[in-house]
There are 2 protein chains.
Amino acid sequence: MIAINSIDELKANLKACKEKGLSIGLVPTMGYLHEGHLSLIKKAREDNDIVVVSIFVNPTQFGPKEDFDQYPRDRQKDLEKCEENQCDYVFLPQVNEMYPEGFSTYVEVEKLGQVLCGESRPTHFEGVATILTKLFNITKADRAYFGQKDAQQLIIVQKMVKDLNMDIEIIGCPIVREKDGLALSSRNTYLSEEERKDGLLLYESLVRAKELIDGGERNVSTIKQEMKGIINRGKNSEIDYIEFVNGKTLAPVSEVSGNVLIAIAVQVGNTRLIDNVIIDA
Amino acid sequence: MIAINSIDELKANLKACKEKGLSIGLVPTMGYLHEGHLSLIKKAREDNDIVVVSIFVNPTQFGPKEDFDQYPRDRQKDLEKCEENQCDYVFLPQVNEMYPEGFSTYVEVEKLGQVLCGESRPTHFEGVATILTKLFNITKADRAYFGQKDAQQLIIVQKMVKDLNMDIEIIGCPIVREKDGLALSSRNTYLSEEERKDGLLLYESLVRAKELIDGGERNVSTIKQEMKGIINRGKNSEIDYIEFVNGKTLAPVSEVSGNVLIAIAVQVGNTRLIDNVIIDA
């Protein structure tokens, strides 16, 4: 495994791989790797000759009052995990090489990037689309891997790739959860013991929604009401949104029918948690 | 020479070229080809194994009240000129294949895209950056060729390529002019005989500016004043801007020193003409 900081060095290495006809799988991450990330790396390992993991806490996807500075970082452990999981390259660029002074080009996926998390994080998905465009161009990967936990991100990346004719396959992988159901997130490290219990209610509300739907309930308001009741049991919780949307267009639905994404975002203490489930009804 | 409408067909053809190790030069155009375009094609022919000319009147770079509908088109003559100039591929996509329903991803070069022509055409450069990103991704060209006449466009494309780590070389080629100095443009076809005379004053004003600078004048206001006087002799002319800017950052300058772009835009009757000169003082 080779750890690389420089864009040009990574490009040169991957160009040599390409010239040998080797396929490249990219796992873009912000580091502090957990089992969710590792599931993406494992999938990339199965599908490709060469696996590249990028570790970059991307400033452009954080709002001015968000947690860029305190976002957890542990480069040493991350490198060990990448090594254990047979990555070929770990790319750890510096902020000032990715965004040199005067940087001013951004990629925006309109509409899809402005709903759900985009409402409370208005520049978030522009930052995500921009950094991914850069990483796709730098690596020329054949495939890139994303967790279904960031459902909106996955849909936006797929749309961007299609709209801009990028030659890369986007692969979504299932949410990985703790045994008790909490969706893995690097931000879980922020949670106190009590907050963690409140965080569990996100999953509980999704399980309840699924139960209701399996039992024949189709009315979104009715299901939302029950979900709200569950999440609001958390003393530290403030609901940002509970939304039922079309799984492709992210347009809100009032009836559960076809491919529906149930997505929730909850502020638990100082930590913003998201979770979701996809229903095929 | 092969004329192709379909994105997938062009991609398949060019992929085969790439696999043979052939280099690809792209000349992106909106058609109605004149000697300016042909100079780009000739340069691309010299530099590359394969020359691709795209002909696409790109709707996203026209404002709602602009001339998208009446923009001159002559596919037959364009194809003949491409053939004569030994192009390998001409790409003539349909609007609904380039921008299918629901298209929503845009590339924006902030700041550079908002000054000069960007002030009176606020979405123009976003449309340019977006279509070029698509064409670069579709063709995977090694080099792309642009006329210096659209100086701001050239600077913006270079910035976009750098910021987004696109693996393509952007090559600017000198302005091609009629014998009397009028910079070639597909839009010149809109001009009446009288308007054409007014259009000539753009070049005359640039020549005068150059003379003044060669004579030692460095004060921008003084030079602008003379240029204004010349252009305003045109009875059908309304100046949009006369700007002296840094040739890289497009920031306005008050003294002529270093690399300076003198750029002008004038509404002549219903036709918007642009011209420019680069000074190294």
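Yes/no per residue for (1) of a type in the set (Val, Ile, Thr); (2) touching a helix residue (DSSP H, G or I) at 6+ places or on another chain (Cβ under 6 Å):
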{"position": "A:85", "(1), (2)": "no, yes"}
{"position": "A:94", "(1), (2)": "no, no"}
{"position": "A:99", "(1), (2)": "no, no"}
{"position": "A:131", "(1), (2)": "yes, no"}
{"position": "A:135", "(1), (2)": "no, no"}
> If we keep just the residues of the range A:104-150 that are closer than 15 Å to residue A:59 by Cα, of a type in the set (A, V, I, L, M) and in contact (Cβ under 8 Å) with a residue 60 or more places away in the chain, which is nearest to the other protein chains (Cβ to nearest Cβ)?
Replying inline: A:135
>> Of the conditions (1) closer than 21 Å to residue A:186 by Cα; (2) assigned to a loop (DSSP other than H, G, I, E, B); (3) among the small types (Gly, Ala, Ser), residue A:102 satisfies every one except a single condition; which number is it?
In response: (1)
> Does the range A:71-87 contain at least one residue that is of a type in the set (Lys, Arg), surrounded by fewer than 15 Cβ atoms within 10 Å (Cβ to Cβ) and modelled with pLDDT under 95?
Replying inline: no
> Residues of the range B:88-99 being touching a residue at least 60 places away in the same chain (Cβ under 8 Å) and either crowded, with 19+ Cβ neighbours inside 10 Å or not in a helix (DSSP H, G or I) (or both), which ones?
Replying inline: B:88, B:89, B:90, B:91, B:92, B:93, B:94, B:98
>> Among the residues of the range A:36-51, what is the count of those that are within 13 Å of residue A:146 (Cα to Cα) and of a type outside the set (A, V, I, L, M)?
In response: 5
>> With the requirement that a residue be facing another protein chain (nearest Cβ under 10 Å) and of a type in the set (A, V, I, L, M), what does the range B:94-103 give you?
In response: B:98
>> I'm checking my understanding of the structure. Among residues of the range A:151-186 that are under 12 Å from the mean Cα position of the chain (by Cα) and assigned to a helix (DSSP H, G or I), which one is farthest from the other protein chains (Cβ to nearest Cβ)?
In response: A:186
> Here are B:40, B:79, B:22: which of them is over 20 Å from residue B:5 (Cβ atoms) and assigned to a helix (DSSP H, G or I)?
Replying inline: B:40
>> Any residue in the range B:214-235 that is closer than 21 Å to residue B:246 by Cβ sitting within a Cβ distance under 6 Å of a residue that is of a type in the set (Gly, Ala, Ser)? List the pairs, counting only those 6 or more apart or interchain.
In response: B:220/B:254; B:223/B:209; B:227/B:205; B:227/B:209
> Has the range B:59-74 got at least one residue that is in contact (Cβ under 8 Å) with a residue 12 or more places away in the chain and within 14 Å of another protein chain (Cβ to nearest Cβ)?
Replying inline: yes
>> Looking at the structure I just gave you, is residue B:128 crowded, with 22+ Cβ neighbours inside 10 Å and either outside the structural domain of residue B:69 (by TED's automatic domain parsing) or touching a Phe, Trp or Tyr at 6+ places or on another chain (Cβ under 8 Å) (or both)?
In response: no
> Based on what the data block shows, is residue B:198 part of a helix (DSSP H, G or I) and in contact with a strand residue (DSSP E or B) (Cβ under 8 Å, 6 or more places away or on another chain)?
Replying inline: yes
>> If the requirement is being at pLDDT 95 or above, in contact with an Asp or Glu (Cβ under 6 Å, 6 or more places away or on another chain), closer than 18 Å to residue A:171 by Cα and surrounded by 15 or more Cβ atoms within 10 Å (Cβ to Cβ), which of these qualifies: A:31, A:36, A:25?
In response: A:25
> Somewhere in the range A:235-242, is a residue polar (S, T, N, Q) and under 22 Å from the mean Cα position of the chain (by Cα)?
Replying inline: yes
> Hey, does the range A:211-232 have a residue that's outside the structural domain of residue A:118 (by TED's automatic domain parsing), acidic (Asp, Glu) and touching a Phe, Trp or Tyr at 6+ places or on another chain (Cβ under 8 Å)?
Replying inline: no
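The values are calculated or read from the model by the stated rules, or taken from the named source; none is laboratory data. It should be emphasised that the depicted structure is a prediction, and the values quoted were computed from it without experimental measurement. Using ideal geometry, Cβ is built from the backbone for each residue, glycine included, and neighbour counts are taken over all protein chains shown.
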